[in-house]
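J.: What follows is a structure written as structure tokens; I'll ask about it next.
The values are calculated or read from the model by the stated rules, or taken from the named source; none is laboratory data. On a predicted model such as this, the values are computed, not experimentally measured, just so you know. Cβ coordinates were reconstructed from backbone atoms using ideal geometry, including for glycine residues, and neighbour counts include every protein chain displayed. All accessible areas refer to the heavy atoms of the entire protein, side chains included, with ligands and DNA or RNA removed. Shrake-Rupley method; radii C 1.70, N 1.55, O 1.52, S 1.80 Å.
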Amino acid sequence: MPMSWRSVLPVLLASSLFFFDEWISTPSCRFVPRADRDDGRDAAGGRDDLRVMIVSDLLLMGSDAGFVDTYFRDYYLSKFFKKSFQTLKPDMLVVLGDFSARGSELMRRKWVPVLHQFHRLIGSLITLPFHVVLGDRDIGECTGLDSQLVDWISSHLPGLDSAGCGAFEMENISFVSLNSAALLCGNNALRYGVEEVIERESLDFRTEIEGARTDMANDSGLDKEMSPNFAWRENSMASGSGPVLLLHFPLHPTGRSRNDGKHCYEKAYSNSLVDVNELQQRRLTGTGPYELPQTIPPNATEYIFQALRPRIVFSGHSLDFCDYRHQDGTREVTVPSMSWHARDDPGFVIAAFRQGNSVGISHCSFGRQSYAVIYIFILVLLMLMILLVKFLTTLWTMMMAVALL
């Protein structure tokens with residue numbers, strides 16, 4: 001006896017929901033070659049590489065999450081992490097700031113749910129090394145920076161000091177993360193703490209590269225002598241010989257040029273937490289006018305280049321993916337937001353570190369939030385139609401039975 005379409009349709013709908021759920025949460029990655037050097041290898045491939053999954057702007061709501069956040073956006077964000085780790089198998093996770101949507105406005109007791117939510121998102125992946133950079137939504141802008149809050153948040157995240165900076169090594173590759181929000185401000189304890197980290201790491205790298213014993217006593221007073229204008233120091237390190245630099249705010253764009261016009265993508269914002277008009281109006285009060293997306297000031301940018309000679313720079317905040325090369329040849333990659341709060345098409349970056357200074361970059365993206373909304377709308381509409389047909393059929397059967405009495 002042939003099966004009724006009414007019995008087959010629910011199975012088809014359930015199957016389509018399963019396949020759609022898998023499709024929209026599976027990352028699609030494309031290799032981004034350098035204009036000046038391309039080895040043709042995908043950053044997502046080759047088990048000899050150290051692969052780092054770099055995400056930004058998760059914008060977690062914690063206890064303030066509503067129904068849609070909890071059962072829709074957060075559900076898929078967790079799927080994004082799970083599918084990405086299953087398919088790409090990175091060795092480490094890096095979050096480039098703004099993992100909280102309103103962290104700078106929260107008391108400590110409301111920060112705890114945000115931290116718990118972050119750990120729930122990465123679930124069993126927590127066994128892998130991960131590092132979190134602090135962003136302006138996490139700790140506030142210049143007028144609201146609180147060194148005690150920064151210290152408390154940093155103490156609950158791996159590898160951060162009291163100023164919100166960190167330095168670590170993975171597979172003989174050195175990473176340095178800086179509290180870039182503090183670098184946008186005037187004289188404050190946090191910024192001086194960041195300067196101390198820059199000086200210390202610069203000294204360590206110069207000592208290692210030059211193979212010379214540096215007299216620490218001669219440098220012990222440098223931290224206290226740092227001026228608000230970022231003092232220059234001679235550095236014989238070659239450009240690109242320093243650490244991998246992790247920032248929330250991008251470096252100042254003066255002298256930057258795109259590798260080519262194909263490696264920067266137009267904004268595709270959603271209008272949930274990050275509004276385009278709001279982004280155009282945001283300014284840091286008390287620090288002078290900074291163009292948006294906000295960048296680290298020119299003097300601080302030059303100071304970082306002079307002191308650290310970074311191998312490559314990864315930054316967030318702009319919500320878009322872009323691959324730049326600075327005037328001295330330093331490559332900077334801005335990482336897109338991985339949240340449907342900020343983009344209709346969230347994404348992230350896979351960085352593959354190889355022998356020498358070679359770094360392969362792959363830009364990965366997920367399905368659009370608008371596709372999910374349309375699909376769910378159609379699915380609900382079909383289910384309502386099935387229920388309506390079933391109700392009308394039952395009603396017609398009852399009416400015919402009454403008519404035959």
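J.: Can you pull out every residue in the stretch 297-341 that is touching a helix residue (DSSP H, G or I) at 6+ places or on another chain (Cβ under 6 Å) and either among the aromatic types (Phe, Trp, Tyr) or on the phi > 0 side of the Ramachandran plot (or both)?
T.: Trp340, the sole residue that qualifies.
J.: Scan the stretch 121-147 for residues that are assigned to a helix (DSSP H, G or I), more than 19 Å from Ser162 (Cβ to Cβ) and open to solvent by less than 60 Å² (accessible area, probe 1.4 Å) and report the count.
T.: Quick first cut of the stretch 121-147, residues assigned to a helix (DSSP H, G or I) only: 121-127, 136-139, 142-144, 147.
Now narrow it down to the ones that are more than 19 Å from Ser162 (Cβ to Cβ): 121-127, 137, 143.
Now restrict to residues that are open to solvent by less than 60 Å² (accessible area, probe 1.4 Å): 121-123, 125, 137.
Adding up the residues that qualify gives 5.
J.: In addition: Does Lys89 qualify as being touching a helix residue (DSSP H, G or I) at 6+ places or on another chain (Cβ under 9 Å), open to solvent by 10 Å² or more (accessible area, probe 1.4 Å) and in contact (Cβ under 8 Å) with a residue 12 or more places away in the chain?
T.: Criteria not met by Lys89.
Residues checked against (1) open to solvent by 20 Å² or more (accessible area, probe 1.4 Å); (2) out of contact with any Phe, Trp or Tyr (no Cβ under 7 Å at 6 or more places or on another chain):
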site	(1), (2)
Ile350	no, yes
Phe353	no, yes
Ile361	no, yes
Cys364	no, no
Ile378	yes, yes
Leu381	yes, yes
Met385	yes, yes
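J.: Oh, and also: I'm trying to understand the selection: among the residues of the stretch 179-196, which are within 19 Å of Gly316 (Cβ to Cβ) and not in a loop (DSSP other than H, G, I, E, B)? Reasoning before the result, please.
T.: The first filter runs over the stretch 179-196 and keeps only residues within 19 Å of Gly316 (Cβ to Cβ), leaving 179-185, 190, 194.
Of everything in the stretch 179-196, those that are within 19 Å of Gly316 (Cβ to Cβ) and not in a loop (DSSP other than H, G, I, E, B) turn out to be Ser180, Ala181, Ala182, Leu183, Leu190, Val194.
J.: Also, I was wondering about something else. Restricting the first residue to the stretch 152-166 and requiring it to be assigned to a loop (DSSP other than H, G, I, E, B), which pairs with a second residue that is open to solvent by 30 Å² or more (accessible area, probe 1.4 Å) and of a type in the set (Val, Ile, Thr) meet a Cβ separation below 9 Å and a spacing of at least six or different chains?
T.: Every condition considered, the pairs that remain are His156/Val112.
J.: Might you let me know whether the stretch 103-120 holds any residue that is among the polar types (S, T, N, Q) and either open to solvent by 60 Å² or more (accessible area, probe 1.4 Å) or farther than 24 Å from Asp344 by Cα (or both)? Before the answer, list the steps.
T.: From the stretch 103-120, those among the polar types (S, T, N, Q) are 104, 117; that's our starting set.
Then drop every residue that is not either open to solvent by 60 Å² or more (accessible area, probe 1.4 Å) or farther than 24 Å from Asp344 by Cα (or both), which leaves 104.
Among the residues of the stretch 103-120, at least one is among the polar types (S, T, N, Q) and either open to solvent by 60 Å² or more (accessible area, probe 1.4 Å) or farther than 24 Å from Asp344 by Cα (or both), which makes the answer yes.
J.: Any residue in the stretch 59-73 that is touching a residue at least 12 places away in the same chain (Cβ under 8 Å), farther than 29 Å from Val150 by Cβ and outside any helix (DSSP H, G or I)?
T.: Within the stretch 59-73, none of the residues are touching a residue at least 12 places away in the same chain (Cβ under 8 Å), farther than 29 Å from Val150 by Cβ and outside any helix (DSSP H, G or I).
J.: Out of the residues in the stretch 37-60 meeting the condition of being modelled with pLDDT of 55 or more and over 22 Å from Leu96 (Cα atoms), tell me which one is least open to solvent (accessible area, probe 1.4 Å).
T.: Asp42
J.: I'd like the residue in the stretch 308-325 that is open to solvent by 10 Å² or more (accessible area, probe 1.4 Å) and in a loop (DSSP other than H, G, I, E, B) and, out of all such residues, is farthest from Leu184 (Cα to Cα).
T.: Filtering the stretch 308-325 for residues that are open to solvent by 10 Å² or more (accessible area, probe 1.4 Å) and in a loop (DSSP other than H, G, I, E, B), the one farthest from Leu184 (Cα to Cα) comes out as Arg311.
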